[in-house]
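Report on the following structure.
The values are calculated or read from the model by the stated rules, or taken from the named source; none is laboratory data. Computed from a predicted structure; not experimentally measured. Please note: Cβ atoms are built from the backbone with ideal geometry, for glycine as well, and neighbour counts cover all protein chains shown.
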Amino acid sequence: MSRAARLVGLAAAAAALASCATAKPPGSVSSISVEYEENPTPPKPKAKAAEASFWENRKDLIQAPPPPAAAELALPKLERWTLKNGLEVVVVPRKELPVVSFGVLIKAGTYDEDRATNLGVSDFTAAMLRKGTEGKKKRSADEISRAIDSVGGSLDAQAGLESSSASCSVLAKDTGLCLELLSDMLLHPTFPEIEMDEEREQMLAGIAARFDNPGSLAEAHFDNQLYGEKNPHGWVLEAEDVPKLTRDKLVAFWKAFYRPNNAVLAVAGDVDPSRLRGEIERAFGKWQKADVPARPAFKMAALKSTRVLIVDKPDLTQTTILLGHRGIRHADPLWFAATLMNYVLGGSDFSSRLMTDVRAKRGLTYGISSTFGASLYDGAFQVFASTKNENVWQALVATVNQIRKMRADGPTAEELAKGKGYYAGSYPFELQAAAGVANAIVGAELHGLGLDYVQKFALRMAAVDEAQAKEAAGTLLDPDNVLVVVVGRGDAIERQIAPTGLRYERINFKDPISRGARAKLRKQPSAP
Amino acid sequence: MPSRLRAWALAAAGLALAGAPALAPARALARPAPKGSVAPKVDIKQWKLANGLEVLFLADHKAPIATVQVFYHVGSKDEHVGIRGVAHMFEHMMFKGSEHVPPEDHARLLKEVGGQVNAFTTEDVTAYHDTVPPSYVGFAMQLEAERMRHLKLFPGTIDSERKVVEEEKRLRVDNNPVGKAIERFRALAYAKHPYAWTPIGTIEDLEKVTPEDCQKFYDAYYQPNNATLIVVGDLDEAEVRKLSEQHFGPVPRGPAPPRNSVEEPAQTAPRRDTLTLEVQLPITVAGYHVPRAGDGDVPALEVLAAVLSGGESSRLHQRLVRKDKLAIAAGGLVESMEDSGLFLAYAAFLPVRDPAKVRQAIYDELARARAQPISADELEKAKSQLAASYIFGLQTVDGVATDLGEYQYVHGDWREFAKGAARYMAVTAADVTRVARKYLVESNLTELTLQPGAAPGGASTPPANGPPAGAPAGAPAKPEGGK
């Protein structure tokens, strides 16, 4: 959009706000281009000034000491090897506490499902792993629960978009039990039909629970709208998908993807690496390798205009807002610059520009933050905010203007320096528990980033210069073409959105989340 | 993908158990120390400054980090009708500027050096966390000492923060069915005691809070002699002693803080209610008054909670989820409070299930705990779980510090944390039966069922006239269980 055109849009939208009589038809305006300072309910200027002046021009305010210098992370001495069947093993020994955690990552998840035939299969498969096993010892679901509970350990299996995992944490003295249970779950699950109904109920309840949580509901709609029906990230499991998941499909998924050459085993904690080698060989050495289907790759197209989805839940006194657009992959060369730039924009709580402007200055939200994800395929840039139903438009205007300003000018040198100080000092926090180190290593592996990424994270962040941060802001932020999902009281929100001329759709919160399913429903003649 | 329901249900239940949704940290089963040689030595150093500030320090050299936490012995139980929510609002005001620190700069300045800053308010304590690289512990202390006594309470700032707190209440309570259920449950369970409301308070009272109320509250409770400074991390004792004296030493001692002496009258008859909301997953909660956290009966109650709720082999999960297939999640726990607490048993279930049957199954299990002793295996398992959970809890410096602070004021002594499992290891099966018989009785019961309202669903356009609001399932309070 040219500058002139934007000014026209700006004037039109501002006028629309001023009077509903001049409302534009929906779709006639393609972006939120209202002048930044627009704010009909500014805080009382007098009181504000009195308070602000208290700290003005003072020489005795507390200043922060110089920030810490970025350094390479001192990792404990790692052990890494690969079994003959291809299973990669990473061991992070930590002796301070007598605990040990095992995690097996399988490189398959929702991305490896098929929308029509087995949506939800990765999740269901993982959940069934601890519902019955046969190895050296046959165990029912209840026997597995009793075994792990009796030592006070935890045992879990789950699936996500990019991967599935099985994990077990115990006191070091119970290491053998953990290995045995995990080995049986991965190599010898029995998928008992009799256990499947309970899991189906869990899935149905999970689907129902979405409607009780405005944040989850907004997220599901945002993903569906942004990623669309062809990208698994945009798929939404609905109740009618659940009965399609037969035992055969679970077994087929397990056989195809649960293979040692498609897995990484991470061990962290109080272990004896020399003994562990033999134990791991005995537990996983007989796991049969096999060719695993190639993973599909997913790319996203940019949005071509701003559009708004209003999800009406009349009992809500507050609106949840998700605003965003296409992001980048974790392995993208601009990822560090984008993350640092985003820290300044909306990733640093009270220090962020969004929080300072939209909450502190304008009082429009309780909280506002933004993220660039760290994902295997193109992810999203997302702003999350919550506000009173009546303030939605004001909050959107302020947010988009902050993004626009960042896109135009990038962060300042001072802001970047503060961000670097934050990452240099805080990076070790996540890695204080041994399992945190193991997870970071396996996560980096999954995204093709390697150990170097984990060790040099703070150094990489410190190496981002002003030009790179500016490039990230200028090329990755797209304030004129954003997807907006708002979950709140529809009438109050529509009143604000309709006159702006933006393209928008209003739906009820119980409507199908998938755009395709809603379209299908509309085509059908309504039942009597 | 939707996350697995079990995770959701447990989180929802966790909320119900935690008291104030997301204001309080998850108050999980208290963590005892393990038995035997497995227990790592938790060598906590303690000293007091001349102004009454107590200091706790635990060296932990696992990673180059440290946490500085200041716990004030004040929470929503120090409020009264008219200022409900002021303790939590005060937590917000602590970030809004002091003599030498402009609004929001406390968090900003610490972020610049890699710090992470947080705060929470419960019924009994208000806590401030700064987790930083070890070389900035002195800086974090300087900022905490500053706001301990030098806050600037401007009327305009109070007004704008009041709005923020009201938005927080909308987010956490008003738009969250579980949050609403907790509010109702507390009001039902406590007739007189301030535990009748949660730390988020009421909008009605928040609207009325004046700058004078705030100043009075600050001067009464934010004093060194009403606080504990807790440092856990990669430092040595001499350094922490020096820094704490340097920064907090000059703060003058304040007057002794007033204490709320409201006693909750003994409950003599069961209280039952239902809350109808447009909710997809009903929940039922049964609560029983139990003594304060520091009471000698609490360890046995915690073992009982583990037997009922620890893992998928536990009694409530086995009965309600596995055997009867009534619920998607079920559990129980002791909600430990400085004054009288609650023992809670709960279940979340699909709307197609009969709530009366769900409740009956819970009451059957509680009756079984009263009727016969738990087995030796169950006792052993519960103790193993409590012991392991304690050790897992030692993995993060911020987790340990928060536990220490909670023990200090909620249980009445930080030494209870260091003592750990010893208090559980002495519990016998007979103790468990005894406390079940003593507290889990019908006259001591508060029961709340959150049920889906007969609200319009499914269609894009709600019908012009919503279905009648009648026939709320389970509304008639049938005398069930609890005997």
Residues A:Lys249, A:Lys255, A:Lys230: which one is away from chain B (no Cβ under 12 Å), surrounded by fewer than 23 Cβ atoms within 10 Å (Cβ to Cβ) and not in a helix (DSSP H, G or I)? A:Lys230
For a quick check of your reading of the model, give me the residue pairs whose first member lies in the range B:75-88 and is touching a residue at least 12 places away in the same chain (Cβ under 8 Å), whose second is of a type in the set (Phe, Trp, Tyr) and not in a helix (DSSP H, G or I), with beta-carbon atoms closer than 6 Å and at least 6 apart or on different chains. B:Arg84/B:Trp197
It is to be established whether one or more residues within the range A:512-528 are among the β-branched types (Val, Ile, Thr), part of a helix (DSSP H, G or I) and surrounded by 20 or more Cβ atoms within 10 Å (Cβ to Cβ). no
Output yes when any residue across the range B:166-188 is more than 25 Å from the chain's Cα centre (by Cα) and either in contact (Cβ under 8 Å) with a residue 12 or more places away in the chain or closer than 30 Å to B:Leu243 by Cα (or both), and no when none is. no
Identity of the residue in the range A:337-349, within 14 Å of another protein chain (Cβ to nearest Cβ), touching a strand residue (DSSP E or B) at 6+ places or on another chain (Cβ under 8 Å) and on the phi < 0 side of the Ramachandran plot, that ends up surrounded by the fewest Cβ atoms within 10 Å (Cβ to Cβ): A:Gly347
Among the residues of the range A:287-301, what is the count of those that are surrounded by fewer than 13 Cβ atoms within 10 Å (Cβ to Cβ) and within 23 Å of A:Arg80 (Cβ to Cβ)? 1
Without any contact (Cβ under 8 Å) to a residue 24 or more places away in the chain and surrounded by fewer than 19 Cβ atoms within 10 Å (Cβ to Cβ): is that true of A:Asp452 in this structure? yes
Condition first: under 20 Å from B:Gly179 (Cα atoms) and in contact with a Pro (Cβ under 7 Å, 6 or more places away or on another chain). Now tell me which residues in the range B:235-277 satisfy that. B:Thr274, B:Thr276, B:Leu277
Condition met for B:Ile391 (more than 14 Å from chain A (Cβ to nearest Cβ), in a helix (DSSP H, G or I) and β-branched (Val, Ile, Thr)): no
Matching residues in the range A:44-64 - criterion: being in a helix (DSSP H, G or I), modelled with pLDDT under 90 and within 8 Å of chain B (Cβ to nearest Cβ): A:Ala47, A:Lys48, A:Ala50, A:Glu51
With criteria (1) under 24 Å from the mean Cα position of the chain (by Cα); (2) buried (at least 23 other Cβ atoms within 10 Å of the Cβ), B:Arg415 comes up short on (2)
If the Cβ limit is 9 Å and pairs must be 6+ apart or interchain, which residue in the range B:420-431 that is at positive phi pairs with which residue that is at pLDDT below 90 and outside any helix (DSSP H, G or I)? B:Gly420/B:Arg31; B:Gly420/B:Pro32; B:Gly420/B:Ala33; B:Gly420/B:Pro34; B:Gly420/B:Ala39; B:Gly420/B:Val42
Check B:Ala256, B:Ala356 and return the single one that is more than 14 Å from chain A (Cβ to nearest Cβ), out of contact with any helix residue (DSSP H, G or I) (no Cβ under 6 Å at 6 or more places or on another chain) and not in a loop (DSSP other than H, G, I, E, B). B:Ala356
For the range B:44-91, what are the residues that are farther than 29 Å from A:Pro98 by Cα, within 14 Å of another protein chain (Cβ to nearest Cβ) and among the β-branched types (Val, Ile, Thr)? none
Tally time: how many residues in the range A:149-170 are facing another protein chain (nearest Cβ under 10 Å), out of contact with any Lys or Arg (no Cβ under 7 Å at 6 or more places or on another chain) and either of a type in the set (S, T, N, Q) or crowded, with 24+ Cβ neighbours inside 10 Å (or both)? 6
Consider A:Lys137 carefully, then state whether it is surrounded by fewer than 24 Cβ atoms within 10 Å (Cβ to Cβ), in contact (Cβ under 8 Å) with a residue 24 or more places away in the chain and at the interface with another protein chain (Cβ under 8 Å from one of its Cβ atoms). no
Give the residue that is farthest from A:Val34 (Cα to Cα), with candidates limited to residues of the range A:404-415 that are touching a helix residue (DSSP H, G or I) at 6+ places or on another chain (Cβ under 7 Å) and away from chain B (no Cβ under 12 Å). A:Ala413
Can you give me the number of residues within the range B:99-144 that are of a type outside the set (S, T, N, Q), away from chain A (no Cβ under 11 Å) and in a loop (DSSP other than H, G, I, E, B)? 3
Does A:Ala360 count as surrounded by fewer than 21 Cβ atoms within 10 Å (Cβ to Cβ), of a type in the set (Gly, Ala, Ser) and facing another protein chain (nearest Cβ under 10 Å)? yes
Assuming B:Leu333 fulfils every condition listed in (1) within 24 Å of the chain's Cα centre (by Cα); (2) part of a helix (DSSP H, G or I) apart from one, which condition is it? (2)
Can you name every residue in the range A:432-442 that is part of a helix (DSSP H, G or I) and either free of Cβ contacts under 8 Å to residues at least 60 places away in the same chain or surrounded by fewer than 20 Cβ atoms within 10 Å (Cβ to Cβ) (or both)? A:Gly436, A:Ala440
Residue in the range A:371-401 that is surrounded by the fewest Cβ atoms within 10 Å (Cβ to Cβ), counting only those that are among the aromatic types (Phe, Trp, Tyr) and either within 14 Å of another protein chain (Cβ to nearest Cβ) or not in a loop (DSSP other than H, G, I, E, B) (or both): A:Phe384
When you check A:Val104 against the structure, is it outside any loop (DSSP other than H, G, I, E, B), on the phi < 0 side of the Ramachandran plot and within 14 Å of another protein chain (Cβ to nearest Cβ), yes or no? no
Test for A:Ala157: is it hydrophobic (A, V, I, L, M, F, W, C) and within 30 Å of A:Gly516 (Cα to Cα): no
